[in-house]
Amino acid sequence: NQLGGFVIGEDMNLRKLLGLLKMFALEFGNAEEVKFYPDYYPFTEPSVQISIKHKEMGWMELAGAGIFRRELTEPLGIKVPVIAWGIGLDRLAMCALGIKDIRKLFSQDLQWLRNFKVF
């Protein structure tokens, strides 16, 4: 359920990561605002949580991201910074379909599933 991505490059840094994620959140998350919060993920440092303000659903967590730790990349021969992110596809589906409760995506309510209009 996750869309992950990474970019490798000499000039990669937290500022570039946040800019890329903001652009993605505004486009694909149909967000009005984007906020970043410090967070912990075991493979990245620094790490951030990305939250968006959706016009219908309000604030919601969208993704986690950070810069890969050197002890993960150097054994692979990568000597430059690597920015990375993981976005829940279920969160993007909520934004696209206007579903306010993530549990609905995993519903066993056949009547709701049969009657829900995707587009």
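The values are calculated or read from the model by the stated rules, or taken from the named source; none is laboratory data. Treat the numbers as computed from the prediction; the structure is a model and nothing was measured. Don't worry about glycine lacking a Cβ; one is built from the backbone with ideal geometry, like all the others, and counts go over all protein chains shown. With ligands, DNA and RNA removed, areas are computed over all heavy atoms of the protein, side chains included. Shrake-Rupley method; radii C 1.70, N 1.55, O 1.52, S 1.80 Å.
Quick notes on this structure:
- Protein-only accessible surface order, largest first, of MET57, MET94 at 1.4 Å: MET57, MET94
- Full extension of the chain segment joining TYR37 with GLU74 gains 10.6 nm, where the gain is 0.36 nm per residue of separation less the Cα-Cα distance.
- Over the chain, all Cα pairs binned in 5 Å intervals from 0 give whole-percent P(r) values of 2, 11, 20, 20, 16, 12, 8, 6, 4, 2, 0, listed from short to long.
- Accessible surface, per residue, of the chain when the full set of protein chains is kept, probe 1.4 Å, Å²: 66 Å²
- Amide proton proximity set for ARG69, modelled H, under 5 Å, gap of 5+: THR44, GLU45
- Given the chain, longest segment not containing exposed loop trypsin sites (Lys or Arg not before Pro) (DSSP; at most 16 other Cβ within 10 Å): 1-54
- Taking 24 Å as the limit for the C-alpha separation, the pairs LYS16/LYS55; LYS35/LYS100; LYS22/LYS55; LYS16/LYS100; LYS22/LYS79 exceed it in the case of LYS16/LYS55; LYS16/LYS100; LYS22/LYS79.
- In the chain, the portion of solvent-accessible area held by carbon and sulfur atoms comes to 55 percent [1.4 Å probe, whole percent, DNA, RNA and ligands not counted].
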